[in-house]
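The values are calculated or read from the model by the stated rules, or taken from the named source; none is laboratory data. Just so we're clear, the structure is a prediction, and the values are computed from it rather than from any experiment. Cβ placement follows ideal geometry from the backbone for every residue including glycine, while neighbour counts extend to all protein chains displayed. Note: accessible area is taken over every heavy atom of the protein model, side chains too, but ligands, DNA and RNA are not part of it. Shrake-Rupley method; radii C 1.70, N 1.55, O 1.52, S 1.80 Å.
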Amino acid sequence: MNICIVVGARPNFIKVAPIIRAIAKAHGEGRDISYKLVFTGKEDDKTIEDSLFDDLNINRPDSYLGVDCENLNELTGLVMAKFELYLQQNPTDTVIVVDDLASTMAAAIVTKKQGIRLAHIAAGTRSFDISMPKEINRLVIDGLSDILFTAGISNNNIANKEGAELSKVYMVGNILIDNLRYNHSRLKRPEVLDKLGLEDKKYILFTLNRKALIGDEAHLEKLIKAMIRGMKDSTMPIIASLRGKAAKVVADIVASTSFPSIMKIIEPQSYLDFGYITANACGIITDSGNVAEEATFNQVPCITLNSYTEHIETVKVGTNVLVGEDPDSLCSALEEMVDGNWKKAGIPDRWDGRSAERILQILSC
């Protein structure tokens, strides 16, 4: 079986790494299975640090489509044209796509037009907001997929309600957790914590990625000031691991407050270093679903700056609390976090680090 794994951005590499390791192991045991990793972007993509592949213990992509543009419709068309050419030149039995990017949708469309089996990892995730481009991508990808691999029962229910046949939908668990379990013994305390003089469990971590939040500087200022209020008299700092525009915007806002020293902005960290920082934080404030999922596995209190989550298990079972973009709710939740009055939480079903094994077993049937 020849498998093509398509990724469109840095988080996708993290989610497919367990699949790649599982395939490599099966191939080493003599099974007739191989893979090719295709990245839709450029080889010099600045968001992908050199250490990522070593941290994930996978090889670099076999092919780069070289598509890099801001306009999503243009990106979709370019990926479709280049991925079609790739499939015509490389015999492929199954294409695996992950998540909900425009490049993911483009690869899915081309795969089905070529009559090749399509499998979608992280299927059945929905915001139920059709105005979001990613929501359209999700609907298209799931609708085209021959096999839908979901992280939880809520995602199964969504896929089934939308008409997916029961035989096509498999709850394999959250594949992000495979990496956390795999890397648990490889985590080492990063130098940045020592440079800042921070003890484990004595800091709050803040991450910010959503363009809508970063672009609304007036409202973001209200949220940051709410964080500062929520810290009350605590001596714990907030460390903010931010990239590009997010780092600049937040730095400018913090500099304008009366307590600029409470938030310390640090450079983006390597995958393993960031894994240590998240696992050993007192609490986390984020707008990232992936970070919230990791917080639930690590049993670290987490506040999500959104009114919904694609993985409701992080709220119903895990450590996650949704505060939307409301400053008062954020302030109150952070007070509870700092005081140690967080809700009791557990680990959702099948977050056991064996998702890749299940996926490979199903693909091999």
Please pull out the direction-averaged projected area of region 1-84, using the convex hull of its alpha-carbon atoms, in nm² to one decimal place. 5.7 nm²
Range in the chain, longest, excluding exposed GluC sites (Glu not before Pro) [loop by DSSP; at most 16 other beta-carbon atoms within 10 Å]: 200-365
Solvent-accessible area per residue, Å², over the chain with all protein chains present [probe radius 1.4 Å]: 45 Å²
Counting other C-beta atoms within 10 Å, and keeping those with at most 12, which DSSP coil trypsin sites (Lys or Arg not before Pro) do you find in region 162-264? Lys188, Lys201, Lys232
How tilted is helix 10-28 with respect to the longest principal axis of the chain? Cα atoms for both, answer in degrees (0 to 90, nearest 10). 50 degrees
Roughly what angle does helix 133-144 make with the longest principal axis of the chain, taking Cα atoms, 0 to 90 degrees, to the nearest 10? 30 degrees
C-alpha long axis of helix 217-230 to longest principal axis of the chain, angle in °: 60 degrees
With only alpha-carbon atoms in the gyration tensor, what are the semi-axes of the equivalent ellipsoid for region 293-365, in Å, largest first? 31, 13, 7
With a cut-off of at most 11 other beta carbons within 10 Å, and DSSP calling the residue loop, which trypsin sites (Lys or Arg not before Pro) in region 289-363 qualify? Please list them. Lys343, Lys344
If a/c stays under 1.5 just call it rounded; otherwise compare a/b with b/c (prolate if a/b is bigger, oblate if not). Do that for region 188-273, with a ≥ b ≥ c from the square roots of the Cα gyration tensor eigenvalues. oblate
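I'm a student and want to see the number: the projected area of the Cα convex hull of the chain, averaged over all directions, in nm².
17.6 nm²
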For the residue pair Thr47 and His27, what label-to-label distance in nm results when each label sits 7 Å from Cα along the Cα-to-beta-carbon direction? 2.7 nm
Give the cross-link partners of Lys211 among the lysines, using a straight C-alpha distance below 26 Å as the criterion and excluding same-chain residues fewer than 8 apart. Lys15, Lys42, Lys46, Lys134, Lys222, Lys225, Lys245, Lys248, Lys264
Given charges at beta-carbon only (K, R positive; D, E negative), |dipole| of region 102-211 in Debye: 200 debye
